[in-house]
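A short write-up of the structure that comes next.
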C-alpha cells in the first residue's frame, strides 16, 4: 500500500513541476547536506529546518537532505537547523550563491553532560509562535528530575515559586498573574496545553457535583489534600509524564494566530520522536517512585522509526503514609515515517494510553471515608506534513487529526450517622411526597464522565516576496467537536451525601446525555513579514483569527513585531486578543431544585410517615455564554552579546468575561399545607390551607462575570559559561500585579431572616481583590564537562507578596422585600441603620501580607558515567532554612518555606 | 317496797377517771408513712388547758398515761434543723423544717378509742432538681451521635409540682478556644459581665446573675403537666426510639450499628423542635414541644465534651421579658450581635456545672452559691455516659436525690444513660 501511495504522489509532484511554470531553468539554487552523529554514522530521519523559507524536511537513510529553492526566491543566506532526538541541536548559516549548490554538514553530539555547554535554564526566545516564548530544552527538563509537567514549570518559569513535588492533588499553572479563587481557575482554564500539535482540552470535563445553589463549585476533595478533579481548570499537569518530553515552549504573551481556544497562554510540548537508544530511568523520593523507559526503534530505511514509551508512577505523601496515594501508568507508541521516497510527505501516527488513580481514605483499617478519582484516556493522533515543491497555493501543508476518549470516575463514600432526615425526590415542579433517609448509612457520590474529542487542523505556509519584503503567509483552519455523553451523577435518595437543608444538596440523578455538543471552528491568516528598515532587520507578524466557539463568533487580531536596533539590541512589541471557549460545565443546562418543606410528620411508623414538599425547578439557559476574552499588550528589549544576554519584558493583560457563578434569587409561590387528620397505621389526610408563602430560592448561574487586569515586568539575564569558574549564571526577576473583580451584583442569603424589616434580602457588589508578587530566581550551574558533572544551585528571593480584598462591599446596594420587589439603595443611604441588619460581617475584608524578605535554596547534582549511566540527586531547601514570624492578626506563628525534600534519579542509556 | 329514800346521794359527779391512750405519729406518704420516733406529742386538755407531753418511742408511739378524760387537742410540732433534716431525709435545706400534725376536739374517755394517729406534714420542702443530663451522646459511628441527648427533671419535693412554665437552659460562659482581650475577663478567666454594654449593676452582674446561651420553657396552662413527688420528666432533643429509629417501606427496621449504645426516647415528656433548620430534628407529634425563648445552634444541642452548665428556672411570667446583654467584648451592638437573657440567681431552682474532664477545666460559669463544684463523664464525648444525681434516701419508692449545691459530691457518672432510671 505504501509504495503505491508514494508513487501516486511522485506522479502528482512531477505533473505540478511541469505545469507550474514555463521556462524552468536547469540552473537551480540548491542546499544540500549531511547529518552525522559523533561517531560519524549517518543519522536517518534527522529533522532539518530551513528557517527563512519556513520549511521542514528529513534526512534519508544516508543522513542526506537536499532542497531546491524556487526560482523566485532571492535568499542570500539561509539558516539551517539540524536536530535529532537525544542529540544537541545545531544551527548553521549557509551562504547562497545563485544557481549554485551550497553544502553543509552537521555532526550532532549526544545531549549529555559531557558537552561543552549545557543549557539547564529556561530561555527567552523569539520564535515563530510568539515574541517572548520561554523555551525549555532537554537538558533543563532532565536536570529538574521531574515526575510530571508540573515540576518542570514550577522550577523553570519566571515568576513561579519552586515547590516540593506534590502529586496528591490536581495541578495547574497560573501564568503571569497573582490571582486567587475563581480568577485563578479561569487563568488555568485559559491555558492551552498542546501536545504534538493537538490541544489536550479540558472543555468537556463535567466531574463536579455542583448543586447550582452553593457558592462552592462542588468538587470532591480528598480530605485535606485537595481534589483529584480539575473540572474548572486546565488539564491536570501531573497526569503528563515528563520522561518522554523533548522540548517545551511556553507562550505567556501574544501567540501566533495559529493558536486558538486559549486565554492566558499556551504550553506547547514536543515529545521524542525518531531513532533513539534505550533510556531507562528511575526517580525516587520519599513516598514517590517513578520508572520510565523509552526507545526509538529503527524500522528500516524506508519504514521510519517506532518510539515506544512507558512511564509508571506511584506516589504517596511519604513512605509511611498509607492513606493517600496517586498512581499513574502511561504508555505510548509513535510511528514516524515518510510516505514518499522524496521525503516530502511526513507522517506521524501515535497511540497513547494513560490511566491515573487518585485514592484517599481516612483510616488505614476500616475507613469511614474514601475518595477516588480515576481517569483513563486513549488518544489516537495523526500528524503529517506535505512539502509541495512548486505548488501554487502553499509551500508546505501540515495537517493533524486526533481522537481522544477519556473515562472519568469520581467517587466519594462516607459513613454518615446523622439520623433520619426528610429528603425530597421529585425532579418535577409541584407538591410531592418525599421520603425519609436511613438514619445511618454509607453515603456514596459517584460521577461518571466520558469526554470524547474529535479534532483536526490544516495549516499551510506560503512564502512570497514583494520587492525587498519577504512574506511567509500561513493560513489554516481547525475544528474540534467535544461531547460528554454518559451516566453522569447517580444518587440514592435514601443515602444522600448532604442533608436536604444544605445548599450543596442535589438529591436527584443527573445524566450527561443531554449536555450540548461543543463545536469549535477556527480559521486564521497570518503574514510574517521580514525586511530591513534603515539597514536594521525588522520582522512583523500580522495575524487575524476567527473563531466560532459554541454559538459565538469572535475575531482575534494578533500583531507582533521585532526591530533590531543594533546587532545586539532588539526591540519587540506585541498586541493580541485571544478568546477561550466556555466549557461544557459552564454551558450545560443542569436543573436546579429548590425544595420547600410543607409537612414533616415522622412517627417512626412507615405507614404513617409523611414528608410533603414543594419543589421548584429552574433550568438555567447558559447557551448565550460567550467566550472569555484576553487582551495582551507586551513590549520588550533584549540585548545579546557573546558573554551574556539580558531581556526585559513588560506586559499588560486584561481579561473580561471570565466564567463565574453569579448568585441570584427567584421567588417561589409556595402553597401551605397541613394535616387534616392523623390516622393510626395510615398516611394522614392532608390538604392545602389556602395560604401561600413567598419562598426565596437562591441559586448560582454561570455568566461571563469576571474581569481582571494584570501588569508585570520580567527581567531575564543569562551568562555564558565563565571559563575560569566553569560556571554560568542565570537570573530571572519578576514583578506581577493583578486586580480582579466581578462587576455584577450578588444576592446574599441572609443568615438570620428578619421578617419584620422591609429590606429582607440584601444585594451587594462583589469584592475587589488585588495582589502583588515579586520573586527573583538566581541559578548558578557549575559544569565540568570533562567529568560530566553538573551542580546547580537555585536561589529564590521572595521580595514581597500581598493580596487584599476590598472591604467596601459589606454595605448593601439594593434589596428585595418580602414580595420579591427589587429596590436600589442610593449610595448615601447604604450605611443607614435601616439596613444595618443586612450588613455583612466585617471580617470579610482580608489581607495577606508577607512581612519580610526571605529566600530559599535548592541544590541539584548530576553526574554522567561513561555515556551509559547518569546519577542525579536533588535537595530542595537543602539548608533547611525556615524562618518564622508571628502573625499578630491571626495570633499564630507562621513558618516560611517548605520542609526540605530530597530525591534521586538513576538513568541508563543503552544503545 | 321501793324505798323512796332520796337519801343523800353520794356526790356522783363523774369521777375524773384516768385514761391512757397512745398516739402513733407517722410521716405522710411522701416519707413512706414512716413512723416518727422521738417526737414530742402534746395533748392539750381543752377544759383545764393543761398540756401534757409525751415522746414517741422507737416505733413511733407516744403513750399518754392516766390523763383525765375530756376533750383534747393532740398536736405535734417538730422542728428539724437543717442538719437534722439532712440526716433524716438526705435533703439539703436552708432553713429549719417544721413538721406539724393536729387532731382537734378529740374526746377521750374510757369508752373512746385509745389510739390516735397523727400524720406529720411540713410546709413544702424540696423542689424540682436536675436529675440527669445526657450530653455526651453515643458513638458517632455505631450509635446515635448527639441526637439522643436529653435532660431529666426530678421532683425532689414532697408535693406535686407542675412542669408548666418551668424554664431551663444552657449558661453562657467563655469557651476555651475563643480569644478575648483580657480586659473583658475576670481573674478566673470568665467573662466580666460588669463590662458588658448597658450593664448598670456593676460587679453584681457576675455574682447575682447568669446569662443564658439557650433558654427553653415547658408549655402548659399551669396544671397540665403534674410531676408526682419522686417522679421525673424527660426532655429530649428528639423524642424517638433511637435504638430503632427507622422502618423502611418493607417494614424492615434499620438500627444503629450498636443499638445498646443509645436510648429509647419515644416516651419522652417534652421535645425540642426547632423547625426545619436541622434536618435530623424530628417532631414527634405525640410529644409536646418546648417553647423556644432563645436558641443557640440548629437544635437543642448540649456540648458533647461537656462544657456547658445547666440551670432550672422557676416559673415566672417575667422570664420572656428579662433584660438581654451582649458579651463584654462587643463594643458595638449591630443586628448581628447576639444578646443573652440575664437571669437572676434567685430565680434558679437548680443548677449543674459540667466540665470536659478534671484536667481540662474551663472558667466556672455558675456562681458558687448555685454550684460549688463540677461534674463530668470520664469517657468523654460520644461515650453514651450521662451524669446523674446520687440517691440520698428512698421513702417507699419516693426517691430523694442528694442536692447540696455541689455537683462534685452530688453527681456521679452513669455508664449508660438511662432515662427515668437510676
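What follows draws every value from the coordinates through simple rules; no lab data is involved. If you're wondering where the values come from, they're calculated on a predicted model, not measured in any experiment. A quick note on method: Cβ atoms are made from the backbone with ideal geometry, for glycine too, and the neighbour counts reach across all protein chains shown.
Some values worked out for this structure:
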| item | result |
| --- | --- |
| Helix-only mean residue ellipticity at 222 nm for chain B, each DSSP H run of n ≥ 4 adding -39500 (n - 2.57), per residue, nearest 500 | -1000 deg cm²/dmol |
| Taking chain B and dividing mean pair separation by its residue count, relative contact order in percent (alpha carbons under 8 Å, at least six apart) | 17 percent |
| Whole-angstrom gap from segment B:49-71 to segment A:397-473, using each part's C-alpha centre | 100 Å |
| Segment A:133-910: relative contact order in percent, alpha carbon pairs under 8 Å with at least 6 residues between | 10 percent |
| Base-10 log of normalised Debye intensity for chain A (one unit scatterer per alpha-carbon) at q = 0.04, 0.09, 0.11 Å⁻¹ | -0.22, -1.01, -1.44 |
| Simple label model, 7 Å out from Cα along Cβ direction - residue A:99 to residue A:568, nm | 4.2 nm |
| Which of B:31, A:75 has the fewest Cβ neighbours within 10 Å, and the rest in rising order | A:75, B:31 |
| Rg [Å, one decimal], Dmax [Å, integer] - segment B:235-276, C-alpha atoms | 11.5, 31 |
| Relative contact order for segment A:292-333, counting Cα pairs under 8 Å that sit 6 or more residues apart, in percent | 35 percent |
| For residues of B:263-269, the mean tally of beta carbons on other chains within 10 Å | 0 |
| For chain B, built as a Gaussian network whose Cα springs stay under 10 Å, the top-fluctuating residue of B:303, B:350, B:73 | B:73 |
| Other protein chain Cβ atoms within 10 Å, averaged over every residue that makes up A:598-608 | 5 |
| Alpha-carbon centroids, segment A:598-646 and segment A:650-687: separation in whole Å | 18 Å |
| Sites residue A:786 and residue A:341 - FRET efficiency at Förster radius 60 Å, r taken between beta-carbons, to 0.05 | 0.85 |
| CD proxy at 222 nm, helix term only [per DSSP H run n ≥ 4: -39500 (n - 2.57); per residue of chain A; nearest 500] | -1500 deg cm²/dmol |
| Overall form of segment A:53-212 per C-alpha gyration tensor (a/c, 1.5; a/b vs b/c) | prolate |
| A:528, A:804, B:204 arranged by Cβ crowding within 10 Å, fewest neighbours leading | B:204, A:804, A:528 |
| Neighbouring partner chain Cβ atoms per residue of A:435-444, average, 10 Å criterion | 4 |
| Pairs of alpha carbons in segment A:228-364 whose separation is greater than 22 Å (percent) | 54 percent |
| Cα-based helix-to-principal-axis angle, A:2-20 vs chain A, degrees rounded to 10 | 70 degrees |
| Of B:353, B:94, B:213, the one that fluctuates the most in a GNM where chain B has Cα springs shorter than 10 Å | B:94 |
| Sequence of B:242, A:849, A:782 once ranked by neighbouring C-beta atoms within 10 Å, starting from the fewest | A:849, A:782, B:242 |
| Cα gyration tensor category, rounded, prolate or oblate, for segment A:454-597 with a/c compared to 1.5 | prolate |
| For q = 0.10, 0.18, 0.20 Å⁻¹, Debye-computed log10 I/I(0) when each Cα of segment B:19-122 counts as one equal scatterer | -0.28, -0.81, -0.95 |
| For chain B: rounded, prolate or oblate by the Cα gyration tensor [a/c cutoff 1.5] | prolate |
